[in-house]
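**Q** Right, I'll just put the structure down here and ask away after.
The values are calculated or read from the model by the stated rules, or taken from the named source; none is laboratory data. Owing to the predicted nature of the structure, the values given are computational and were not obtained by experimental measurement. Cβ placement follows ideal geometry from the backbone for every residue including glycine, while neighbour counts extend to all protein chains displayed.
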Amino acid sequence: MRNMAEERLMALDYTKPGLEGLYAPVRYGLGSGGKRLRPLLVLMGCEAFGVDAAAALDAACGVEIFHNFTLLHDDVMDASPMRRGRPSVYAKWDLNTAILSGDTMLTLATQLVSAVPDKVLRPVLDVFNRMAIEVYEGQRLDMDFEERPDVGSEEYIRMIELKTGALLGGSARIGALIGCATEKQARAVDEYGRALGVAFQIQDDYLDCFGDELTFGKPIGGDIVQGKKTFLLLEGLASGGPDSEALRDAMKLQPKEVRIQTVKRLYEKMDMEQRCRKAILHWTGRALRALKQTGLDEADLAPFHKLADKLTGRRK
């Protein structure tokens with residue numbers, strides 16, 4: 001199903017005479033690869049309830065384009081030069097291009113998500129719009145957290161439930177609605193996606209610090225350099241004692257490479273790998289328990305279990 005979504009995305013024709021400056025960044029952003037996790041969840045959600053995944057293909061592509069729109073704007077807000085191992089649209093073109101091409105992607109996404117049967121159009125658009133608002137709310141909280149010294153772990157989890165989890169949950173729910181799931185079933189796969197999104201983001205936080213740069217696709221230690229509130233940082237600061245105070249001081253060190261290496265050593269001393277693994281297993285367990293509310297048999301749920309296993313054991 002992932003290949004189906006990839007082929008459809010690459011077949012979309014976003015070219016217009018005289019507007020290369022608008023559409024080339026769109027094609028570039030979509031062509032940068034990625035896991036295609038969101039469209040996969042749409043297609044899985046549809047097929048799990050007995051409808052051919054092809055019925056959800058346009059909506060799946062729309063959700064992926066929406067996701068990539070958020071990445072274009074994220075790179076503007078973070079002034080990030082790299083995305084998936086190559087220059088971001090912001091760096092390759094300029095700030096205004098990244099904003100405008102991102103805006104274009106949002107509308108293109110909405111057009112594709114709207115290409116569903118009339119009987120599910122309203123509920124699908126309701127989910128899509130609610131999902132989008134939650135993503136924006138999560139991004140705002142993420143930005144606010146950068147300026148706040150008192151952010152707690154519970155607040156952070158709530159933020160990533162919005163910024164990351166809402167999009168995964170909404171993707172699965174849109175697919176389920178196209179697949180004619182009941183409201184209860186659609187809500188269950190939404191809860192699966194949201195919990196999986198939290199596990200996914202905690203894993204991402206860990207990989208940003210301890211992953212391989214070539215595999216991860218962006219410079220290691222970026223969150224440390226930017227002072228971002230991550231699961232590792234908040235867990236470390238909440239631990240108390242000398243290591244916690246040392247971590248607080250280390251986050252102020254210059255030059256940046258010294259800060260990265262010092263913080264990483266402290267994380268290792270605090271056994272942050274084990275703390276992350278425990279949290280990932282907790283949220284993955286919540287995701288899998290939510291699936292039981294669908295009433296589907298194990299064969300239908302197998303792709304969801306396989307996806308959870310793959311995401312929580314990834315290195316990129």
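Residue-by-condition table, conditions (1) within 23 Å of the chain's Cα centre (by Cα); (2) within 30 Å of GLN293 (Cβ to Cβ); (3) at pLDDT 95 or above:
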{"residue": "THR182", "(1), (2), (3)": "no, yes, yes"}
{"residue": "ALA188", "(1), (2), (3)": "yes, yes, yes"}
{"residue": "GLU191", "(1), (2), (3)": "yes, yes, yes"}
{"residue": "ILE202", "(1), (2), (3)": "yes, yes, yes"}
{"residue": "LYS229", "(1), (2), (3)": "yes, no, no"}
{"residue": "SER244", "(1), (2), (3)": "no, no, yes"}
{"residue": "MET251", "(1), (2), (3)": "no, no, yes"}
{"residue": "ILE260", "(1), (2), (3)": "no, no, yes"}
{"residue": "GLU268", "(1), (2), (3)": "no, no, yes"}
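**Q** What number of residues in segment 118-173 are closer than 24 Å to LYS184 by Cα and of a type outside the set (Phe, Trp, Tyr)?
**A** Count: 32.
**Q** Name, by its number, the condition in (1) among the aliphatic types (A, V, I, L, M); (2) part of a helix (DSSP H, G or I); (3) in contact (Cβ under 8 Å) with a residue 40 or more places away in the chain; (4) within 25 Å of ARG248 (Cβ to Cβ) that does not hold for ALA176.
**A** (4)
**Q** GLY62 fails exactly one of the following numbered conditions: (1) of a type in the set (Gly, Ala, Ser); (2) crowded, with 16+ Cβ neighbours inside 10 Å; (3) under 24 Å from MET143 (Cβ atoms). What is the number of that condition?
**A** (3)
**Q** Pairs, please: C-beta under 7 Å, at least 6 apart or cross-chain, first residue polar (S, T, N, Q) and in segment 227-240, second assigned to a helix (DSSP H, G or I)?
**A** THR230/ASP205; THR230/ASP223
**Q** I've got another one for you. Looking only at residues in segment 264-292 that are of a type in the set (Gly, Ala, Ser) and within 20 Å of ALA176 (Cβ to Cβ), which one is surrounded by the fewest Cβ atoms within 10 Å (Cβ to Cβ)?
**A** Among residues in segment 264-292 that are of a type in the set (Gly, Ala, Ser) and within 20 Å of ALA176 (Cβ to Cβ), the one surrounded by the fewest Cβ atoms within 10 Å (Cβ to Cβ) is ALA290.
**Q** Residues in segment 296-308 that are surrounded by 12 or more Cβ atoms within 10 Å (Cβ to Cβ) and of a type outside the set (Phe, Trp, Tyr): how many?
**A** Within segment 296-308, residues that are surrounded by 12 or more Cβ atoms within 10 Å (Cβ to Cβ) and of a type outside the set (Phe, Trp, Tyr) number 8.
**Q** Checking TYR156 against (1) within 22 Å of PHE69 (Cβ to Cβ); (2) crowded, with 21+ Cβ neighbours inside 10 Å; (3) hydroxyl-bearing (Ser, Thr, Tyr), only one condition comes out false. Which one?
**A** For TYR156, the failing item is (1).
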